[in-house]
Amino acid sequence: MIRKIFLTEWKENFFVCAAGLALCLLAAVGISLAGIGATDALRADLAEYVFAVFNAFSYVMPVLLLLKSIFSFRSYYRMAGVTEEKRTQGVLFGLFVWTALFLAAQMIFATLFDFIYFAGAPAVRGQTSPQSMLLSLRAHGVHRLLFAPSAAVTVCLMYIMYDVIRVAVVRVPFLPLKILVALIFLALYFFYHYTVYCAAGITGELADASWLVLPDSVLPVLPVVPGGTIDAVKDIHFLAAPILNLVFLLGEILFCVFAYGFVHVVGRCKNEIE
Amino acid sequence: MREYAIGNIEKAYGKKGVLRGVSLRVPAGSFVGVLGLNGTGKTTLFNILGNMDRNFTGEVSLRGKEVAYMRTKLPFPEWRKVKDLLSFYERFYTFDRKKAERMLENTSIRPTARLRALSAGMQRQLNFICNFCVDAQVLLLDEPLTNLDLVFRGFIVESLIERAMEDRIILVATHEIKEFENLFTHVTVLRDGRLGPLTETEALRAQGKSVEDFYGESLL
């Protein structure tokens, strides 16, 4: 069923992502052309603008995909007997795949820009702010590709939060109780990241769990990857969720268990097809 | 084929009760006309039977992919193409795509056309063809002849004659009684939130009454 839902929606998601990538490329080409014959300092500034566009789209597109998933009109699934649970699973799968694909593609384009724009001009690259090169694999190594699934996980967790709040609003009987449950899940979502963040740090200090990935990293710094680079993405990109940090993973799993435990108890909707 | 049973369905919009205990048992192979004045709740009832609306109390024995439902309006985004709809039906229902494509050839609808490019009548044609080609136990048709030209009206009636030969159930909510007069095996009237008894049209004919006469009497 998940595959069927994915296939039904691939076109709209593909075009949203393709449009986003095309805009990034247009910005890269346009700004690059504007820099022909300019001074090194100006070229460095222009490169920062291009990277800024890429970075902005790394926020805009996942949020756009999330909003599209929330507001898409899907009563036809209901008519075809697809249960709400299956539909949600399909939406989550699509959201994860398309967010990850978009960001991975964007990182490859950012890396290509990094190579082409600075070809034969290391001095220009030297004047460009390293912080702006958030998505360049040249700047951060191929490990940085893990940012793509890491942000996709965050977007999926946001959808789960929306889904649970929707269920709470629909299914909990009294208005004050509806509001209370919705607020609890909203608070849970916004604070669990930071709680787990702290927990990861404290656990690392208290239990000498130095083998844990730092909470602000999305990269696989586990003993199985000797010499892996610690690369703080979380600090500079709100959507990054460390996906290989065991404490963080545990937090995410607990959030999902709690959210869907609640959904299981109150039920998704009336008269669901069995 | 199971009997199609609807038990004590109740539905209200706010404090206004639209359906107040609708019950019906439809034998296999029946072609049922659901009649009623505007605003009596025919579409509300069909939305429940077609699983579009789940906010009701009561029981329905067959739902989901076992029921094909032609609504008054296509429930798909207008930027989708005709072939996308066919793919959707093929994916989620037991659907005879080749038959649907053959039927579409008899219309001016191109598979590559977007829904927004189709007129209201063409959308109705597409809606009918998609649902007609679903191999479901129940076919629900809500005002199937609205917005359609004379030729396609005839086409629908012809197609339904073919379908009526099969051991399936067809429920039609319509005001166009004359065009279905000879197809109905049973009729029932929705009034004051309740369905009247399921009446055999054979019995009516034996009494020298038409369905229209029966409907007129039921409204009195």
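The values are calculated or read from the model by the stated rules, or taken from the named source; none is laboratory data. Predicted, not measured: the structure shown is a model, and the values here were computed from it. FYI the Cβ positions are ideal-geometry reconstructions off the backbone, even for glycines, and counts take in every protein chain you see. All accessible areas refer to the heavy atoms of the entire protein, side chains included, with ligands and DNA or RNA removed. Shrake-Rupley method; radii C 1.70, N 1.55, O 1.52, S 1.80 Å.
Summary table
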{"quantity": "Lysine pairs meeting the criterion (Cα under 27 Å, 8 or more apart or interchain), as found in the stretch B:75-220", "calculated": "5"}
{"quantity": "Inter-site label distance for A:Thr39 and A:Gln127 at 7 Å from Cα along Cβ, in nm", "calculated": "0.7 nm"}
{"quantity": "Estimated FRET transfer efficiency (A:Leu67, A:Ala187; beta-carbon r; R0 35 Å; 0.05)", "calculated": "0.95"}
{"quantity": "Rg and Dmax of the stretch A:102-174, Cα atoms only, in Å", "calculated": "19.3, 67"}
{"quantity": "Hits among aspartates and glutamates - C-alpha to C-alpha of A:Lys234 under 18 Å, sequence gap 8 or more where chains match", "calculated": "A:Asp216, A:Glu252"}
{"quantity": "Alpha carbon centroid spacing (whole Å) that separates the stretch A:138-191 from the stretch A:62-103", "calculated": "14 Å"}
{"quantity": "Where a label projected 7 Å from the Cα of A:Leu180 along Cα→Cβ would reach, residues of the stretch A:238-274 with amide N under 13 Å", "calculated": "none"}
{"quantity": "Accessible area (Å², 1.4 Å probe, nearest 10) - B:Glu90", "calculated": "90 Å²"}
{"quantity": "Quotient of C-alpha Rg and 2.2 N^0.38 Å, computed over chain B", "calculated": "1.00"}
{"quantity": "Cα convex hull volume per residue for the stretch A:234-274 (Å³)", "calculated": "108 Å³"}
{"quantity": "D_trans [Stokes-Einstein, Kirkwood Rh over alpha-carbon pairs] for the protein assembly as shown, 25 °C, 0.890 mPa s, µm² s⁻¹", "calculated": "92 µm²/s"}
{"quantity": "Candidate lysines for bridging to B:Lys15, where Cα separation is under 18 Å - those fewer than 8 sequence places away on the same chain excluded", "calculated": "none"}
{"quantity": "Accessible surface, per residue, of chain B when the full set of protein chains is kept, probe 1.4 Å, Å²", "calculated": "44 Å²"}
{"quantity": "The stretch B:17-65 shape via C-alpha gyration tensor axes, a/c threshold 1.5", "calculated": "oblate"}
{"quantity": "Nearest-10 value in Å² for the accessible area of B:Lys65, using the 1.4 Å probe", "calculated": "100 Å²"}
{"quantity": "Pair A:Cys256, A:Phe14: separation of 7 Å Cα→Cβ label points (nm)", "calculated": "2.7 nm"}
{"quantity": "Surface share of carbon and sulfur [accessible, 1.4 angstrom probe, percent] for the stretch B:69-161", "calculated": "50 percent"}
{"quantity": "Number of partner chain Cβ atoms within 10 Å, mean per residue of B:91-97", "calculated": "3"}
{"quantity": "Estimated inter-spin distance, B:Glu105 and A:Val170, nm [label 7 Å along Cα→Cβ]", "calculated": "4.2 nm"}
{"quantity": "Area of B:Lys81 that stays accessible when all protein chains are in place (1.4 Å probe, Å², to 10)", "calculated": "50 Å²"}
{"quantity": "Taking the stretch B:81-216 and dividing mean pair separation by its residue count, relative contact order in percent (alpha carbons under 8 Å, at least six apart)", "calculated": "18 percent"}
{"quantity": "Between A and B, accessible area buried - total, square angstrom, nearest 100, 1.4 angstrom probe", "calculated": "2200 Å²"}
{"quantity": "Order of exposure, largest accessible area first, which applies to B:Thr188, B:Thr40, B:Thr112 with probe 1.4 Å", "calculated": "B:Thr112, B:Thr40, B:Thr188"}
{"quantity": "Along each principal axis, Cα extent of the stretch B:61-162, largest first, Å", "calculated": "37, 27, 23"}
{"quantity": "Förster-model FRET efficiency, 41 Å R0, A:Tyr49 and A:Leu7, C-beta, rounded to 0.05", "calculated": "0.60"}
{"quantity": "Sequence of A:Lys86, B:Lys178 when ordered by accessible area, the most exposed leading, probe 1.4 angstrom", "calculated": "B:Lys178, A:Lys86"}
{"quantity": "Sites A:Ser32 and A:Asn271 - FRET efficiency at Förster radius 56 Å, r taken between beta-carbons, to 0.05", "calculated": "0.45"}
{"quantity": "Whichever lysines have a C-alpha closer than 29 Å to that of B:Lys16, once near sequence neighbours (fewer than 8 apart) are set aside", "calculated": "A:Lys178, A:Lys270, B:Lys42, B:Lys73"}
